[in-house]
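Below is one structure, written out as C-alpha cells; the observations come after it.
The values are calculated or read from the model by the stated rules, or taken from the named source; none is laboratory data. If you're wondering where the values come from, they're calculated on a predicted model, not measured in any experiment. Cβ atoms come from the backbone with ideal geometry, glycine included; neighbour counts cover every protein chain shown. These area figures cover heavy atoms from the full protein model, side chains too; ligands, DNA and RNA do not enter into them. Shrake-Rupley method; radii C 1.70, N 1.55, O 1.52, S 1.80 Å.
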2 protein chains.
Amino acid sequence: MPAPLSDSPQQVHIALGDRSYDIRIGAGLLAEAASWDGLPAAATALIVTNTTVAPLYLAALRHALAGRYRTVFDVVLPDGEQHKDWSTLNLIFDALLAHGCDRKTVLFALGGGVVGDMAGFAAASYMRGVPFVQVPTTLLAQVDSSVGGKTAINHPLGKNMIGAFYQPARVVCDLATLKTLPARELSAGLAEVIKYGPIADMAFFDWIEANIDALVAREPAALAHAVKRSCEIKADVVGQDEREAGLRAILNFGHTFGHAIEAGLGFGEWLHGEAVGCGMVMALRLSQRLGLVDAAFVQRVTALIARAGLPTVGPALGADRYLELMRVDKKSEAGQIRFVVIERPGQAAVRGASDDLVREVLAASTR
Amino acid sequence: MPAPLSDSPQQVHIALGDRSYDIRIGAGLLAEAASWDGLPAAATALIVTNTTVAPLYLAALRHALAGRYRTVFDVVLPDGEQHKDWSTLNLIFDALLAHGCDRKTVLFALGGGVVGDMAGFAAASYMRGVPFVQVPTTLLAQVDSSVGGKTAINHPLGKNMIGAFYQPARVVCDLATLKTLPARELSAGLAEVIKYGPIADMAFFDWIEANIDALVAREPAALAHAVKRSCEIKADVVGQDEREAGLRAILNFGHTFGHAIEAGLGFGEWLHGEAVGCGMVMALRLSQRLGLVDAAFVQRVTALIARAGLPTVGPALGADRYLELMRVDKKSEAGQIRFVVIERPGQAAVRGASDDLVREVLAASTR
C-alpha cells in the first residue's frame, strides 16, 4: 500500500538520551523563526556555509535567527569535496576565535554534506565542543547527514579519516532548498534514499519505484516522504549502534566500492552519491556471486539506480587499484576488506570476500 | 596526621561507566609487560613520543609491548609547547595512515602533557576514535593529564582551543621517568600538586608543606603519594562534572592568569606549570581583595609555591594585555572573564571581578 503523501511539515525524533534531537522536514522551514525555537541560548551564533549556498539562503537564515542571537556571524567556505580538509576547517576556527566566540556559541551548518561535516567537526572540537545545528540544503545531506552524528574531514591518504561522533541540537530540512539543486546532486541524494530499500525495507523500495518520477521532478510531498522515511530507517539502525560497532555498518552498503571510486578518480570528480549508486551495483553483484540474491533482484535495483540518473558502471581504475584503495578504508580490519552485502532483499550483512571474487565483480562492473 | 608513605605500586580507579579506567603509579612500571595486561586487543599499536623522551624510554616501552601487538610503530614528534599545533598533530595522522592502522589500533602517548594532548586528540579523531593509553613521563602530566580526558592542540589565537574530551583506556605513571626530568619541569608539576590544597584539601596541603623537600629531591615514596592523592582529588571533581559544566572549573585555579602569561610571552617561554604557579598567587590576591581569604593565607601558599621552585611574580605585559588575553580564554563567557577564587582554605568558586580589581592585582603581582 503506498504511503499517504502530505505537504505539511514532518518531524522525526532521534532518541539518544540527553543528546536527543528533532529533525524537522518541510518546504520553507529555513526562513521561519519558529524552526529555531528551543535551541540552546547564546549571545552569538556562527553560520558556516559555502560560496554556492551563501547567495541563495544565507540572508534568509540570518534574518530568521536575528531574534534569537545578539550577533550572528558567518563564514563562507570554498565549495567542493576537495576543500574538505584541515586548511578549510581552520577557516571556521579562525572565524570563531576572531569573533571571540565562547563555548556557548551555536554553529549552524548551512549547506550540503561537506559543510555539515566540517561545521560539525569544528563544533565537536572548538573548545572541546559547542552546540551545532544542521541545515542541510542537498537531498544527500538531508537523508544522510541528518542522522548518525558523523563528522569528519579528509586526509590526503583517505576520506573522512579525521573526525568525531557528535550529535546536532537540531536538523532542519527545508525542501524548498532542493529546488535550486543541480540535477546531478539530486540524483546523488536519491542514491542514499534507494539504499534503504535493499538493506532494510523493501516496502519503501516499492514506494520509491512507484514514485521515482515524482522524486526526480522534485515534488515536495514525495521528497518529504523520502526524507522522512530515510531518516527513520537510519535512526532505527543508528539507535541500535551509535558508535558503529556492528549493525550500523550496513548503512555503508555501496560505500566500500564507492569510496574507492571517489579516491581513485580524485575526490570531487564523481559526487559521493554517484559513487555510492555505482558502488551499490557492485555490492549487489558481489552478493549475487556469494549466492545470496538472484540476478533478477540485482537487475531490479540496478534499473532503479539508473532511473534515478545515477551511473551503474564504474571507472576502469584497474582491480589492483580498487583493492588497494579498499584496504585503507576505515571499515577494513587488519587489511581485510569488509563488504556490506545483501543477504536477502531488505536485509544486509557485513562479509569478507576473496580478492578473486572481487576482481570478477570489478571486471563485470567497470569500463 | 601524615599519610603513610610506600614504595609499592599504587592504583587509582576512575569510574566513568563504560569508559572507566585505572591509573597505575609506581617506579619501573613502563618496562613491565604486566602494566599493559587487559588493554584492548589489536594487531597494531602506535607509540607517539618526542625527540627528548624517545632516546630515554621508547626502546623499553617497545620491548614491553612486543608481546601484546604484532607490530608496534612509533612516531617521534618535535619537543615543545610551540609544536602543539595542527602540523605536528598531522604527523600522527600521517603515521597512522602510512602504516595502514585501523580503528582498533591502540595509541600510546609516551611523554609529557604536549605529547599526551596531541596523541589523545589524534586518538579521539582518527577514524572518529581509536583506543589510547597515557604513559606520562613528567610530573605535570602524571597529576594533570591522567584524569579528565582533556585533549587539545593550540591555535595561533588561543591555547587548547581545538580538542576533545576523550578518555584513555589506561594511564601508567612510571615514577622512575621523573629522575630524568629537568628541575624546572619538576617544579612545574609541583604547581599542579600544590593547587589541590587550596581548592579542595587542606590536609593534603599540610602534607605537601611537610614533604616539599622530599618532593623536590624526587623521593619515590613522596612522589607516589603526591601523584596518587592529586589524581584522586581530580577524579573526585571530574567525576561530578565530566564535561566541565560547573564544578570542574575549580581545577582551573591559577589557569586564567596563567594562560595569559603563557600567551602573552609566547607559548613555551614559561612552562605551563610555572605560569599556573604564578597565576595561583594572582588568583589568591584577587581572592583576598574580594574579602574571601586573609593575607596570612595568601602568604602561606605563596611561600610553598616559592619553595617548590616556582615564580611568584608575573611578567610585566601591562594590565590591558592581560585583560585582553583573559577575555579570549575558553572559560570566559560573552567576554566576561571567569576567575577561580579561593572562598576559604580548601574550597574554591568561580566568580567574575571588575577590571579595576584585576588591575590592582596585576599591579601588585607583576614586574
What is the distance in Å between the Cα centres of segment B:256-306 and segment B:311-367? 9 Å
So what does the Cα-only Debye profile of chain A read at q = 0.07, 0.09, 0.10 Å⁻¹, as log10 I(q)/I(0), no solvent term? -0.28, -0.47, -0.58
Based solely on C-alpha atoms, express the radius of gyration and the Dmax of the protein assembly as shown in angstrom. 27.6, 87
Say a label goes 7 Å from Cα toward Cβ at B:Lys104 in every copy; what distances in nm does this one have to the rest, shortest first? 4.5
Based on the Cα gyration tensor of segment A:134-246, what are the three equivalent ellipsoid semi-axes, each the root of five times an eigenvalue, rounded to whole Å and given largest first? 24, 17, 13
If you average the sequence gap of Cα pairs under 8 Å that are 6 or more apart and divide by the length of chain B, what percent do you get for the contact order? 15 percent
Evaluate the charge dipole of the protein assembly as shown about its Cα centre and quote only its size in Debye, nearest 20, assuming +1 on the Cβ of each Lys and Arg and -1 on the Cβ of each Asp and Glu. 120 debye
Heavy-atom accessible area per residue, chain B, 1.4 Å probe: how many Å²? 35 Å²
At 222 nm, what helix-only mean residue ellipticity would the protein assembly as shown give, in deg cm²/dmol to the nearest 500, using -39500 (n - 2.57) for each DSSP H run of four or more? -13500 deg cm²/dmol
For B:Asp241 and B:Asp18, compute 0.36 nm times the residue count separating them, minus their Cα-Cα distance, and round to one decimal in nm. 78.7 nm
Of A:Tyr57, A:Val76, A:Gln134, farthest towards positive along the dipole that unit charges on Lys, Arg, Asp, Glu beta carbons give segment A:10-180: A:Gln134
Could you sort out which of A:Lys150/B:Lys234; A:Lys104/B:Lys104; A:Lys150/A:Lys228; A:Lys234/B:Lys104 sit more than 23 Å apart by Cα distance in this structure? A:Lys150/B:Lys234; A:Lys104/B:Lys104; A:Lys234/B:Lys104
Contact surface B-A: accessible area buried, both sides summed, square angstrom, 1.4 angstrom probe: 3200 Å²
Listed residues B:Ala200, B:His225, B:Gly189: farthest to the positive end of the dipole of segment B:182-256 (Cβ charges): B:Gly189
Taking each residue in A:158-171, count the Cβ atoms of any other chain within 10 Å of its Cβ, then average. What number comes out? 3
Applying 1/(1 + (r/R0)^6) with R0 = 56 Å to the Cβ-Cβ distance of B:Gln299 and A:Arg327, what FRET efficiency is obtained, to the nearest 0.05? 0.30
Compute the Rg to Rh ratio over segment B:10-180 from the alpha carbon atoms, using the Kirkwood formula for Rh, and round to two decimal places. 0.92
What Kirkwood hydrodynamic radius do you get for segment B:74-162 when you take the inverse of the mean 1/r over all pairs of distinct Cα atoms, in Å? 13.0 Å
Just to confirm the numbers: A:Met202, label point 7 angstrom along the Cα-Cβ line, distances to the other copies in nm, shortest first? 7.5
Under 20 Å from a point placed 7 Å out from the Cα of B:Arg351 along the Cα-to-Cβ direction: which residues of segment B:174-198 have their backbone N that close? B:195-198
Here segment B:151-163 yields Karplus 3J(HN,Hα) values (6.51, -1.76, 1.60; θ = phi - 60°; whole Hz; Gly and Pro given as x) of 9, 5, 10, 8, 10, x, 9, x, 7, 6, 7, 10, x
Can you pull out the GluC sites (Glu not before Pro) in segment B:173-225 that DSSP calls coil and that have at most 11 other Cβ atoms within 10 Å? none
Peptide B:99-110 - average C-beta neighbours from other chains (10 Å radius): 2
When the accessible area of chain B is split by element with a 1.4 Å probe, what percent falls to carbon and sulfur? 51 percent
Counting DSSP beta bridges with both partners in segment B:10-180, what percentage is antiparallel, nearest 5? 30 percent
Test of understanding: what is the full-extension gain from A:Glu360 to A:Lys104, defined as 0.36 nm times their sequence separation minus their Cα-Cα distance? 86.8 nm
Intensity falloff of segment B:120-200 expressed as log10 I(q)/I(0), Debye formula with alpha-carbon point scatterers, at q = 0.13, 0.23, 0.25 Å⁻¹: -0.49, -1.14, -1.17
Would you grab the residues whose amide H sits under 5 Å from the one on B:Ala316? Only those 5+ places off in sequence or on another chain, please, with H modelled 1.01 Å from N. B:Arg367
Set the Förster radius R0 to 30 Å, insert the Cβ-Cβ distance between B:Leu157 and B:Thr51 as r into 1/(1 + (r/R0)^6), and round the FRET efficiency to 0.05. 0.65
Counting only DSSP beta bridges with both partners in the protein assembly as shown, the antiparallel fraction in percent, to the nearest 5, comes to 40 percent
Can you give me the long-range amide H partners of B:Asn50? Hydrogens built in the peptide plane at 1.01 Å from N, cutoff under 5 Å, separation of 5 or more residues or another chain. B:Leu77
Rounded to a whole number, the mean other protein chain Cβ count within 10 angstrom for residues of B:82-88 is 1
Please compute the contact order of segment B:10-180 in relative form: average sequence separation of alpha-carbon pairs under 8 Å and at least six residues apart, divided by the residue count, as a percent. 26 percent
Once segment A:189-321 is represented by equal point scatterers at the alpha-carbon sites, with solvent omitted, what log10 I(q)/I(0) does the Debye formula produce at q = 0.13, 0.18 Å⁻¹? -0.55, -1.06
